[in-house]
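Below is one structure, written out as structure tokens; comments come after it.
All of the numbers you see were taken from the coordinates with simple rules; none came from a lab. All of these numbers come straight from a predicted model, not from anything done at the bench. Positions of Cβ are generated from backbone atoms using ideal geometry, with glycine treated the same way; all protein chains shown enter the neighbour counts.
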Amino acid sequence: MNFNDKQKHSFQKMHNSYMPTVILAVIFLTITGFLWWLISRLGNYPSFILPSPLDVWNRFVVSINDGSLIRHSLVTLKEIMAGLAFGVSVATALGYALAKSRTFEKLVSPYIVASQSVPIVAIAPILIIWFGSGISSKILICSLIVFFPVLVNTVVGLRSIPNELQDLMRSLKASRWQTIFKLEIPGALPVFLGGLRVGATLSVIGAVVGEFVGSDKGLGFMINLGRGQYDTALVFVSVFTLIIMAMSLYGIVILLEKRLLSWQQSSNDTILEH
Amino acid sequence: MNFYPDIVNKVEQKSEESVLQIKELSAVFPNGNGGLQALDKVSFSVSPQEFICVLGPSGSGKSTLLRILAGLLNPTDGKVIYQGADICGPRRDIGFVFQKANLMPWRTVLQNILLPLELENIPALEADRLAREMVKLVGLCGFEDTLPRDLSGGMAQRVAIGRALVHDPHLLLLDEPFGALDALTRERMGTELLRIWQVRRKTVVMVTHSISEALFLADRVLVLTPRPGSVRLDFSVDLHRPRNDEIRYTREFNDMTRVLRNAIG
């Protein structure tokens, strides 16, 4: 058995920090579940007010078996992915333009800020009227909600690149594209990914808001359905599925950050503090 | 068919003896009341492979001068003629070393030094060879894959010098390259720069506010006046080359230090 230093190091790391976190998370989850069960049991609440963990689990199994959970989840996932892709691309492009031109920024930024003071829930019905109750209105709502954090972080990320590095590229006569690929993208990436992290979690909300307002499929619709039929267990199942989706998206961005930003000072591997 | 043989001769002669001519250079930065004049009719010329130090108090427009020479800044008035042509805009055959090392934190030592070659689209193999050669020259063997965050100030500045030289520019511009280093490291880096320069002879214009650094390195020292900067003294450093650290303690060195100190005022 011959380990070089690096392998040894990562092994130690796994034993020292990674494994206990997983064990801790499992323990904590078990305790929460137990408390939930205890409250529902002691309070003797009817299932439509607070279903027990077991009720939710049974409802989960049923909805898996009849295929409804997966079908609706896939719809929501599709909306989220398309909304993210669209929102992030538009926000990045516009953010680049804003960061490059002060005039453009002065011209456009009041509208962008104003648009942020309108709650998405308020304009969602209008968007449904305009774009129909199909998937496209959901994608639009989702991308609208993703748009702002990504835009702001793109601008801040680009502005965070030191002037001296811009001067360096200029003194070496780098072309526009060379500057974008060799300086601006890697330089803005840390802040940009921070925005993407927020945007990814928000995208789930965007899709569900859209589905709430008008839709006949998706997890938002499933929640509405469960609520209407006093099938609170179904609401729980849908909400948990949404949580898992949001957390997975968040996790993907974190992985991306670890992958792409390995040059930064290693953070302490926590989720929120980066 | 030469109508003006005399003039042509003169021009050729001139371009032979000086690679860089600075003519009546003025720079005014716009501000509220009429503008801030950083440079006032600065003129001098630089011979091939000459090492020039520009010395002056803070705010004498030294950095402005260097940025104009690099083509990063346009002068308000006057001309810079480099190898017979006006400088307008940056040129690839100039190497620039900034006050801070100014490395890309996401690139390793080798990758940072590779940057100018990448921008010139030099084939990867050839670029890699040149960059590794440069790593060796600046004395960073074994640190090729180190990230800037793990480098000391002196090491980072070595990378910066390597990056400025790797594409083999004719003119090297240094803007207080060791200003951010501690005194001991600074002295050592001066010696290192001299060693590197003796291997890769370039025309060098370096801005500094250390008299001993200027004397130790330069063939000629230009002393600028306080703002607006103009050339107060053009001083030839008649110290023999190759120089070593001992020269700092000679009588001549001391006398010259005094002359320059008095000129700065």
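Observations
- Over the residues of chain A, the helix contribution to mean residue ellipticity at 222 nm works out to -26500 deg cm²/dmol, using -39500 (n - 2.57) for each DSSP H run of at least 4.
- Within chain A: Cβ-based charge dipole about Cα centre, in debye rounded to nearest 20 (Lys, Arg +1; Asp, Glu -1): 640 debye
- Taking every DSSP beta bridge that has both ends in region B:161-265, the antiparallel portion is near 50%.
- Taking θ as phi - 60° and the Karplus parameters 6.51, -1.76 and 1.60, the scalar couplings of region A:239-249 work out to 5, 4, 4, 4, 4, 5, 4, 4, 5, 5, 4 Hz in sequence order, x denoting glycine and proline.
- Of A:D231, A:D66, A:D55, the one that fluctuates the most in a GNM where chain A has Cα springs shorter than 10 Å: A:D66
- Using only side-chain charges placed at the Cβ, +1 for Lys and Arg and -1 for Asp and Glu, the dipole size of chain B relative to its Cα centre rounds to 420 debye.
- Rounded to the nearest 0.05, the FRET efficiency derived from the C-beta distance between B:H170 and A:F240 at R0 = 51 Å is 0.15.
- Helical runs (DSSP H, four residues minimum) scored at -39500 (n - 2.57) apiece and divided by the length of chain B put the mean residue ellipticity at 222 nm at -11500 deg cm²/dmol.
- Database remark: amide H of B:L233 closer than 5 angstrom to the amide H of B:V223 (H placed geometrically; neighbours at sequence offset of 5 or more, or on other chains; Pro and chain starts carry no H).
- As a ratio to 2.2 N^0.38 Å, the alpha-carbon radius of gyration computed for chain B takes the value 1.04.
- Taking region A:52-260 and dividing mean pair separation by its residue count, relative contact order in percent (alpha carbons under 8 Å, at least six apart): 30 percent
- Directionally averaged projected area (convex hull, Cα atoms, region A:170-274), nm²: 9.5 nm²
- Close amide-amide hydrogen proximity is noted between B:L39 and B:A27, B:G229, each under 5 Å apart and 5 or more residues distant or on a separate chain (H modeled in the peptide plane; Pro and chain starts excluded).
- Computed FRET value (nearest 0.05) for A:R227 with A:S89, which takes r as the C-beta separation and R₀ as 35 Å: 0.50
- Dipole orientation for the protein assembly as shown: of the candidates B:F235, B:L137, B:V207, B:V207 has the Cα lying most toward the positive pole (charges on Cβ; Lys, Arg +1; Asp, Glu -1).
- Distance between the 7 Å Cα→Cβ label points at A:I27 and A:V121: 3.8 nm.
- Pair B:A124, A:V156: separation of 7 Å Cα→Cβ label points (nm): 3.6 nm
- Sorted by Cβ neighbour density within 10 Å, fewest at the top, the residues B:L65, B:L193, B:L184, A:L225: B:L184, A:L225, B:L193, B:L65
- With the charge dipole of the protein assembly as shown set up from +1 on Lys and Arg Cβ and -1 on Asp and Glu Cβ about the Cα centre, the Cα lying farthest toward the positive end among the listed residues B:S18, B:V223, B:A183 is that of B:A183.
- Model label zone, B:L36; criterion: amide N under 14 Å from point 7 Å along Cα-to-beta-carbon; scope region B:209-252: B:227-229
- Inter-site label distance for B:T146 and B:E17 at 7 Å from Cα along Cβ, in nm: 4.6 nm
- Relative to the Cα centre, the charge distribution of the protein assembly as shown, modelled as +1 at Lys and Arg Cβ and -1 at Asp and Glu Cβ, gives a dipole magnitude of about 360 debye.
- Angle of helix A:185-213 to the longest C-alpha principal axis of chain A, folded into 0 to 90 degrees and rounded to 10: 30°.
- The residue among B:C53, B:P123, A:F221 whose Cα reaches farthest toward the positive pole of the charge dipole of the protein assembly as shown, with charges on the beta-carbon of Lys, Arg, Asp and Glu, is A:F221.
- Per-residue Cβ neighbour rank within 10 angstrom, fewest leading, A:H72, B:H170: B:H170, A:H72
- Over region B:19-264, relative contact order from alpha-carbon pairs under 8 Å, at least 6 apart, %: 27 percent
- Each of B:V97, A:V253 was scored by other Cβ atoms within 10 Å of its Cβ. Listed from fewest to most, they are A:V253, B:V97.
- At q = 0.09 Å⁻¹, base-10 log of I(q)/I(0) for the protein assembly as shown (Debye sum, equal scatterers on each alpha carbon): -0.84
- The amide H of B:M206, built 1.01 Å from its N in the peptide plane, has B:I52, B:C53, B:V54, B:L174 as neighbours under 5 Å, considering only residues 5 or more places off or on other chains.
- Fraction of alpha-carbon pairs over 29 Å apart in chain A - percent: 49 percent
- The number of Lys pairs in region A:52-260 with C-alpha atoms less than 30 Å apart, excluding pairs fewer than 8 positions apart on the same chain, is 11.
- Spatially close lysines, pair count over chain B: Cα under 30 Å, gap of eight or more or interchain: 26
- 0 to 90° range, to nearest 10: angle between helix A:68-100 axis and chain A longest Cα axis: 20 degrees
- Rounded to the nearest 0.05, the FRET efficiency derived from the C-beta distance between B:Q198 and A:I64 at R0 = 56 Å is 0.15.
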